[in-house]
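Reading through the structure tokens given below for one structure.
The values are calculated or read from the model by the stated rules, or taken from the named source; none is laboratory data. Being a predicted model, the structure only gives us computed values, none of them experimental. Neighbour counts are summed over all protein chains in view; Cβ atoms, including those assigned to glycine, are modelled from backbone coordinates with ideal geometry. The area values use the complete protein model at the heavy-atom level, side chains included, leaving out ligands, DNA and RNA. Shrake-Rupley method; radii C 1.70, N 1.55, O 1.52, S 1.80 Å.
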Amino acid sequence: MKSSVSIMSLVLLLGCAFGIESIGDENNAIPHDGLYGNWAIRMPGGASGWLTIKKVDGVSQGELWTLGGGKKLLDLDIDGGLECSFSRMIRVGKPEYPGGPPTGERLKIYHECVLENGRLRIKYSLPDGSTVRYEAKRIKRLPTRPNLDLLKFGKPVTLFNGTDLQGWTLANLDKKNGWQVVDGELRNSTTKTDFSAYGTYGNLRTLSNFTDFNLKIDFKVPKGGNSGIYLRGLYEVQVVDRDSRMQGIQGVGSVFGRIPAKKNNGNPGGEWNSYDITLVDRHVTVILNDEKVIDNQPIEGCTNGALIPDDSMPGPIYLQGDHTSVAYRNIVLTPILPANRESSKIGVMETAFNKRADASSFEDARQAGYNAIQMHSGMPPRTKNKKIDPEFNLEIATDKNVIERWKEEALEHQVKIISLCAGSLNKFEIWGADRELAMKIAKQTIDACQELDVEIMLFPFFGPSKFQTGDDTINGVADFMAELLPYAKSKQVVIGIEAPVTTKRVVELLARLDYPESLKIYYDTGNLCPLEDIYESISKYGRQHFCQVHVKPCEALIVGDGKIDLSKLASALDEAQYDGWLVYEAGKAGKEAVKNRKQIQKIISLRNGLSQPE
């Protein structure tokens with residue numbers, strides 16, 4: 001069943017839908033242009049939301065999903081394809097308890113939407129006169145059904161060690177923690193016995209995120225018990241007593257509210273059940289107690305109560321704890337290796353072409369054989385006294401034509417922007433005299449990421465604010481990030497820290513900030529090679545903490561020469577189950593984009609060799 005959210009979450013939470021049965025069938029396809037399609041939303045306050053608008057027999061219809069089920073949009077009116085309005089019935093009173101359901105009668109609330117620069121901007125007014133504003137990002141179309149016989153798997157990862165909660169955390173630290181390890185079982189004990197969508201106990205999630213995988217997990221609920229397993233924090237595979245009132249599309253073996261199990265193959269309450277679940281390309285296969293109950297079916301939308309709003313994003317394994325008591329054991333996840341990984345996950349940093357924030361870099365990248373690039377967000381003009389004007393703004397923030405030009409060049413040359421480097425921050429005393437200016441530039445880069453649909457911003461700590469080893473430094477970085485991270489999260493952007501200190505030191509910073517999802521490590525092989533055993537660090541920290549990796553030569557022009565061993569690097573990346581982008585950055589010895597791309601290709605080929613089944 002659904003996970004609980006705050007009052008703002010209920011008022012604002014929108015559910016996901018992709019051609020939902022209640023408003024159409026396969027003959028009423030979503031055109032995915034203009035207002036039509038599916039939209040992911042990060043609401044004010046951090047709640048996730050989903051919206052769908054489609055045509056059914058020539059008539060525009062839509063739904064917003066909240067806890068408890070889909071809700072049709074009332075009085076939907078589309079004006080010219082770029083604007084629309086609708087109403088929906090919601091409660092807006094004070095919550096029954098912190099994080100509980102809102103009180104009061106359902107009120108008909110009028111919403112207005114406009115499509116601007118690829119974003120759907122939505123607003124509505126509450127009875128107290130306040131206005132709520134948020135925006136939505138279009139969700140990509142469902143991929144075609146994958147051929148499961150062609151899947152290649154990585155190394156299995158044991159998510160639960162049977163002794164403690166290492167690798168897990170509460171999704172909401174303000175909730176009660178009913179989770180503990182007893183006799184090798186991961187148990188959640190609560191006093192709740194009903195099936196309502198809200199509860200005071202917390203849900204548990206992995207610290208690591210995943211994309212496509214096979215998950216094997218055992219579960220046991222008491223008679224009448226109810227919980228759920230969210231795949232990637234998005235899709236809930238139902239965990240419920242087989243004899244409860246929850247049956248069919250809400251029953252055991254189903255993807256809750258989306259795909260019914262073909263039969264109820266659950267064991268009685270109080271007995272163990274086993275799941276064998278494969279999720280790939282947003283299609284799911286569910287084997288319950290050795291019988292296939294869902295066979296490679298598309299998941300047309302996220303389950304209510306999902307943790308993140310975007311189906312294209314990786315996410316955690318997420319266990320419901322805000323419902324009844326439940327126990328889990330034998331939790332093992334095996335990643336599925338992406339198809340065409342050799343060509344799709346190699347990028348280049350724009351500076352490899354001696355350029356920064358230059359639209360011509362897309363053509364340079366394509367000519368060098370890359371299909372992805374890390375762009376620079378811009379630098380301040382050079383001055384004799386090297387003092388940066390506090391009124392300085394990035395051009396990508398002041399001239400919207402820059403963003404549009406980048407989009408045009410990226411499309412023309414088929415080069416994807418995979419991250420933005422806020423390199424100008426190297427010029428600032430970030431936690432000193434330039435703090436206010438640095439915060440502005442960081443936010444402008446985050447805004448540009450959002451406009452470009454880029455998920456990662458590289459935050460380099462060199463220059464005046466070089467990330468050193470003293471407490472003053474880590475305190476300064478922690479204080480700055482504590483202020484910046486809520487903004488990054490609201491824009492669905494992950495900040496990647498790149499710093500000339502050991503990875504262990506940066507992990508200490510992440511721990512101090514309670515491992516925020518919006519703050520990761522941008523690992524650089526060339527920077528870290530003189531400071532630590534890069535292979536050991538990648539193996540140890542890569543899966544949980546890395547967002548992207550700079551493959552930079554160390555004391556050589558070409559990676560693989562000098563101090564970096566390609567085979568060891570491939571083994572370390574494989575051990576970490578790292579599946580992100582490998583981005584070439586030139587080292588001190590010079591720039592050689594083509595030869596280094598071929599060397600990175602060798603790294604991935606070596607990894608594929610390591611991962612082939614016997």
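Residue separation times 0.36 nm, minus the C-alpha to C-alpha distance between Met379 and Lys155: what's the value?
76.4 nm
How high is the relative contact order of segment 270-315, in percent, counting Cα pairs under 8 Å that sit 6 or more residues apart?
Answer for segment 270-315 is 25 percent.
Using a 1.4 angstrom probe on heavy atoms only, work out the carbon and sulfur share of the accessible area of the chain in %.
Here carbon and sulfur together make up 46 percent of the probe-accessible area.
So how many Å³ per residue does the convex hull of the Cα atoms of segment 86-137 work out to?
94 Å³
Give the residues of segment 145-170 whose amide nitrogen is closer than 20 Å to a point set 7 Å from the Cα of Ala511 in the direction of its Cβ.
Zone members listed by number: 161, 163-170.
Using a basic spin-label model with each label point 7 Å from the Cα along Cα→Cβ, how many nm lie between Ala433 and Glu532?
3.3 nm
About its Cα centre, how strong a charge dipole does segment 379-516 have in debye, to the nearest 20, once Lys and Arg get +1 and Asp and Glu get -1 at the Cβ?
Dipole about the Cα centre, nearest 20: 360 debye.
Considering only protein heavy atoms, what per residue accessible area in square angstrom results for the chain with a 1.4 angstrom probe?
Value for the chain: 42 Å² per residue.
List the aspartates and glutamates whose Cα lies under 12 Å from the Cα of Lys94, skipping any in the same chain that are fewer than 8 positions away.
Counting by Cα, and skipping residues close in sequence, Lys94 has these aspartates and glutamates nearby: Glu105.
Put a dot 7 Å past each Cα toward the Cβ at Ser85 and Asn147; how far apart are the dots in nm?
Going by the 7 Å Cα→Cβ label model, 5.2 nm.
Which shape class applies to segment 198-265: rounded if a/c is under 1.5, otherwise prolate when a/b exceeds b/c and oblate if not, where a ≥ b ≥ c are the square roots of the Cα gyration tensor eigenvalues?
Oblate, since a/c reaches 1.5 and b/c is not below a/b.
To the nearest 20 debye, what charge dipole does the chain have about its Cα centre, counting +1 at the Cβ of each Lys and Arg and -1 at the Cβ of each Asp and Glu?
With Lys and Arg at +1 and Asp and Glu at -1, about 200 debye.
Helix-derived [θ] at 222 nm for the chain: sum -39500 (n - 2.57) over DSSP H runs of at least 4, divide by residue count, nearest 500?
-6000 deg cm²/dmol
More than 22 angstrom separation, counting every C-alpha pair in segment 345-492; what % is that?
It works out to 41 percent of all Cα pairs.
On the full set of protein chains, 1.4 Å probe, figure out the accessible area of Phe392 and give it in Å² to the nearest 10.
For Phe392, the solvent-accessible surface is approximately 30 Å².
If I take R0 = 25 Å and measure r between the Cβ atoms of Val332 and Tyr487 in this structure, what FRET efficiency does the formula 1/(1 + (r/R0)^6) give, to the nearest 0.05?
0.10
Between Leu207 and Asp358, what FRET efficiency comes out of the Förster formula 1/(1 + (r/R0)^6) with R0 = 45 Å and r the beta carbon distance, rounded to 0.05?
Computed FRET efficiency for Asp358 and Leu207 comes out at 0.75.
Please name whichever of Leu458, Asn161, Ser85 sits farthest to the positive end of the charge dipole of the chain, dipole taken about the Cα centre and charges placed at Cβ: Lys and Arg +1, Asp and Glu -1.
So the residue furthest toward the plus end is Asn161.
Rounded to the nearest 0.05, what FRET efficiency do Gln297 and Glu271 have when you use their Cβ-Cβ distance and R0 = 22 Å?
Once the sixth-power term is evaluated, E becomes 0.25.
Under the rule a/c < 1.5 gives rounded, and otherwise a/b versus b/c splits prolate from oblate, where does segment 242-364 land using the Cα gyration tensor?
Prolate.
Using each residue's phi in segment 326-334, evaluate 6.51 cos²θ - 1.76 cosθ + 1.60 at θ = phi - 60° and report the 3J(HN,Hα) Karplus result to the nearest Hz, with x for Gly and Pro.
For segment 326-334, the Karplus-derived couplings read 7, 9, 10, 7, 6, 9, 10, 10, 10 Hz, x marking Gly and Pro.
Want the number for Asn264 to Val181: 0.36 nm per residue separation, take away the alpha-carbon distance, what's left?
27.0 nm
Within segment 490-533, name every residue whose backbone N is under 16 Å away from a label modeled 7 Å from Cα of Ala589 along the Cβ vector.
Counting only backbone N, you get 525-530.
Could you work out Rg/(2.2 N^0.38 Å) for the chain, with Rg from alpha carbons only?
With N residues counted in the chain, Rg over 2.2 N^0.38 Å equals 0.97.
Expected output is a single nm value to one decimal: the length gained when fully extending between Asp472 and Asp389, i.e. 0.36 nm times separation in residues minus the C-alpha distance. What is it?
Extra length from Asp472 to Asp389 when fully extended: 27.3 nm.
Starting from the 7 Å offset along Cα-to-Cβ, what nm value, one decimal, do you get for the label separation of Arg405 and Leu107?
Distance between label points: 4.8 nm.
Rounded, prolate or oblate: which fits segment 404-555, taking a ≥ b ≥ c as square roots of the Cα gyration tensor eigenvalues, rounded meaning a/c under 1.5, else prolate when a/b beats b/c?
oblate
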